[in-house]
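Everything on this sheet refers to the single structure shown next.
The values are calculated or read from the model by the stated rules, or taken from the named source; none is laboratory data. Since we're looking at a predicted model, the values are computed, not measured. When we count neighbours, we look across all protein chains shown, and the Cβ atoms used for this are built from the backbone with ideal geometry, even at glycine. To get the accessible areas, we keep the full protein, side chains included, count just its heavy atoms, and leave off ligands, DNA and RNA. Shrake-Rupley method; radii C 1.70, N 1.55, O 1.52, S 1.80 Å.
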Amino acid sequence: TATPPWWRDAVIYQVYPRSFLDTDGDGVGDLRGVARRIPYLSRLGVDTLWLSPFFSSPMADFGYDVRDHTAVDPLFGDLADFDGLVAAAHAHGLRVLIDYVPNHTSGEHPWFRDARTGPLSPRRDWYVWRDPAPGGGPPNNWITLFGESAWTLDAESGQYYLHSFLSSMPDLNWRNPAVREAMFDVARFWLDRGVDGFRVDCAPLIAKDPALRDNPAAGAGTVAHHRPMGGYDSQLHLHDQAHPDLHAMYREFRAVLDAYGDGPAARIALGEIHAYDWQAWSRYFGRELDEIHLPINFGLLRTPWEPGAIRDLVREVLGALPAGAVPTWVTGTHDDPRVASRVGRDQAANAMLLLLTLPGAAILYNGDELGLPDAHITPEDIRDPWGLRTPELSRDPARSPMPWSDGPGAGFTRAGVRPWLPVARPPGGSAAAQEDDPGSLLSLTRAVLALRRAHPALGPGAIEFADAPEGVLAYTRTGPPGGGSLLITLNLTDGPLHIGKTVAGRPWERHLSTAPEAGATAASRGTDAHGPDPDV
Ligand code: GLC
């Protein structure tokens with residue numbers, strides 16, 4: 001049987017470069033720091049890296065506001081550092097994805113500076129400009145994440161421009177073919193430098209209603225649906241995102257990627273899709289699976305940590321999956337509270353086991369392999385522009401630096417240098433402390449990843465839920481014929497769980513456990529992945 005394309009069961013490790021490793025002592029991580037940790041990542045056993053933005057930027061949104069798409073911001077290094085990083089990753093068999101931000105640029109991008117010179121600018125139509133509404137005021141009722149108008153008046157021309165996020169991040173007009181061509185050239189620039197693909201930021205936002213109709217008025221409790229990060233609901237017919245015309249745009253984008261080859265040479269798109277209606281989500285694969293390779297579903301981040309809810313989510317997502325497509329799972333991002341804080345420190349290991357044993361691709365957020373909790377951020381330490389406006393929206397707690405060691409600067413930065421955000425300490429210790437501890441989350445993550453590579457049952461094959469006691473999530477993964485199967489038992493309670501010598505009438509053998517000291521039949525608070533006879 002042919003090996004599946006590399007990306008179908010990839011384990012993608014998200015690096016937030018600002019917080020990974022600071023090699024030049026400015027308190028901010030850099031590309032050389034990422035390169036220096038390639039051996040760590042390779043030993044961990046992930047196969048793909050995704051780097052959040054490192055492009056030239058005024059950093060109003062920490063790099064998602066791109067000023068120059070093809071330059072590395074000096075804070076992070078230069079293009080030679082980037083090339084060195086890609087070469088080091090490839091030499092270790094790791095693929096590299098980078099962030100691609102199609103929906104907006106920084107207001108300091110030369111395209112916008114040009115557009116802003118007036119209605120006669122040849123680049124005026126690269127962004128979305130409109131006259132005020134007939135009675136004055138913004139052209140329609142669209143709002144940003146912060147509940148403010150998504151339109152800002154440009155006093156000089158008397159017209160408004162559209163921005164789904166900060167007013168310093170104007171939205172590009174993807175309906176203009178020149179914009180698409182310029183953005184495809186940006187993709188080619190990085191593909192030519194050897195990247196294996198892109199994580200497409202805010203993928204649903206690039207196509208809006210061409211008539212810019214008002215959004216339906218938000219009823220009580222539905223206001224979140226009007227905000228880009230809150231996701232959208234196909235029932236609501238929002239007009240500021242997810243217009244069906246985006247499919248043609250992603251088919252064009254896919255053709256750019258496909259021109260670089262397939263199989264091991266395939267370059268891929270991983271799409272940030274905040275849709276929680278799985279039918280709507282599944283459309284991003286494309287009718288012929290000719291759009292986004294891996295649309296991310298964020299379901300695990302929004303589902304209560306409870307067996308029934310998780311099982312229903314997995315079933316719904318798989319049920320909505322087009323034939324031939326694979327799902328992508330994620331438990332942590334730079335935009336959400338840390339998984340260890342969300343599910344509780346005792347459940348972090350179960351969350352890791354779940355993430356890495358579901359069928360399809362998985363995304364692991366840096367630090368989650370250490371059980372890193374949310375950092376405590378005092379009001380003076382808030383850096384996130386969302387948090388500066390709305391403290392509850394602050395994403396800083398999940399963005400704190402990697403705790404590499406217990407030494408000064410946590411091994412993240414030099415002694416005496418203040419890291420850009422306070423460092424949080426994982427209960428299991430720093431990476432160095434967890435390194436040689438067989439009971440650490442780091443060791444467990446390595447063991448699960450090794451099992452995932454070795455055992456055909458953990459490929460993109462079948463999953464079947466099994467009956468389990470209250471509070472326990474149990475499922476069987478089965479690989480291709482002859483590949484055997486694995487039973488995964490996740491104890492989501494905080495009490496002990498007794499597993500008998502047989503499960504469903506079959507004997508079993510332990511492959512690994514979150515409680516390595518537990519005997520095969522001993523009481524265990526842990527969780528197991530174990531495999532019945534290989535031919536079952
Ligand atoms: C995405 C990013 C987030 C950013 C936003 C605007 O959701 O993950 O960090 O702020 O897009 O680009």
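The GluC sites (Glu not before Pro) found in region 98-188 that occupy coil by DSSP, while having at most 12 further C-beta atoms within 10 Å, are E156. Report, for the chain, the % of DSSP beta bridges that are antiparallel, rounded to 5. Rounded to the nearest five, the antiparallel share is 55 percent.
Other residues within the sphere of radius under 10 Å centred on the Cβ of A340, judged by their own Cβ, net out at 0 (K and R +1, D and E -1).
Give me the percent of the accessible area of the chain that comes from carbon and sulfur atoms, probe 1.4 Å, all protein chains in place. The C+S portion of the solvent-accessible surface of the chain is 53 percent. Full extension of the chain between Y260 and R510 gives 85.7 nm of extra length, using 0.36 nm per residue less the Cα-Cα distance. So what is log10(I(q)/I(0)) for region 54-116 at q = 0.18 1/Å, when the Debye sum runs over its Cα atoms only? So the normalised log intensities are -0.68. Within region 28-55, which residues have the backbone N less than 20 Å from the label spot 7 Å out from R414 along Cα→beta-carbon, could you tell me? Of the residues in region 28-55, 28-37 have backbone N under 20 Å from the label point off R414. Multiplying the residue separation of R113 and H90 by 0.36 nm and subtracting their alpha-carbon distance yields 4.6 nm. Taking the Cα centre of the chain as origin and assigning +1 to Lys and Arg Cβ atoms and -1 to Asp and Glu Cβ atoms, the resulting dipole is close to 500 debye. Projecting the Cα atoms of S121, G308, G63 onto the charge dipole of the chain, computed from C-beta unit charges around the Cα centre, puts G308 farthest toward the positive end. Mind jotting down a quarter of the surface of the convex hull over the alpha carbons of region 262-349, in square nanometres, one decimal? The Cα convex hull of region 262-349, projected and averaged over all directions, gives 6.7 nm². Pairs of Cα atoms in the chain fall into 10 Å distance bins, from 0 up to the last occupied one, in shares of 4, 18, 29, 27, 16, 6, 1, 0 percent. Rounded, prolate or oblate: which one fits region 296-399, using the alpha carbon gyration tensor with axes a ≥ b ≥ c (rounded when a/c is under 1.5, else prolate when a/b beats b/c, else oblate)? Here region 296-399 falls in the prolate category. The residues neighbouring V195, those whose beta-carbon lies less than 12 Å from its own, together hold a net charge of +1 under the Lys/Arg +1, Asp/Glu -1 convention.
Taking Lys and Arg as +1 and Asp and Glu as -1, the other residues whose beta-carbon sits under 13 Å from that of G360 total +2. Counting only the Cα atoms, region 1-142 fills a convex hull of 178 Å³ per residue.
Ranking L79, G158, Q241 by how far each Cα lies toward the positive end of the dipole of the chain (charges on Cβ) leaves L79 at the top. Annotation for A450 and R43: the two label points, set 7 Å from Cα along the Cα-Cβ direction, are 1.3 nm apart. Inter-part distance, region 126-149 to region 418-453, computed on C-alpha centroids, equals 46 Å. Remark: spin-label model distance E148-L79 equals 3.6 nm, labels positioned 7 Å along the Cα→Cβ axis. From most to least packed by mean Cβ count within 10 Å, the peptides 497-505, 113-121 give 113-121, 497-505.
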